[in-house]
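Worksheet: one structure, shown below.
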């Protein structure tokens, strides 16, 4: 029977910032921009994303620190890990579907996309291969933001 590989697919090379460092950077950028205006819907979407991401990170840390058995066994723990991961993924889609209404919101979306794309590259830092990549998801979001910017200024 082949062995089950349970390594973290989000593991990065040692020369790249950790997931927590990138998340902290995104959070700091969003906080800085949010002080300018909080009426843009993209800010609340990014905040919900960050909360879901933080919950997944915390559970992932518990798996690493406490082990599968302490969390109810591999089936229960992996089910919870999957639930948290899906929630975080669903909210990332919500962020990408939210059209920013302010310049600050557009800047926050760009910062989010930059971090999000970085999280979805290959472990060596290169972009994903194939036609089903993260870029197919972020391109429409950036295009909507750009169109909103041009419309607002025009």
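With a Förster radius of 25 Å applied to the C-beta separation of residue 20 and residue 117, the computed FRET efficiency comes to 0.90. Computed from the Cβ-Cβ distance with R0 of 35 Å, the FRET efficiency linking residue 51 to residue 147 stands at 0.75.
Can you put 46, 63 in order of Cβ neighbours within 10 angstrom, beginning with the fewest?
Ascending Cβ contact count within 10 Å gives the list 63, 46.
No lab work stands behind these numbers, since they all come straight from the coordinates. Please read these numbers as outputs of a predicted model, since none were measured by experiment. Positions of Cβ are backbone-derived with ideal geometry, glycine not excepted, and every protein chain shown enters the neighbour counts.
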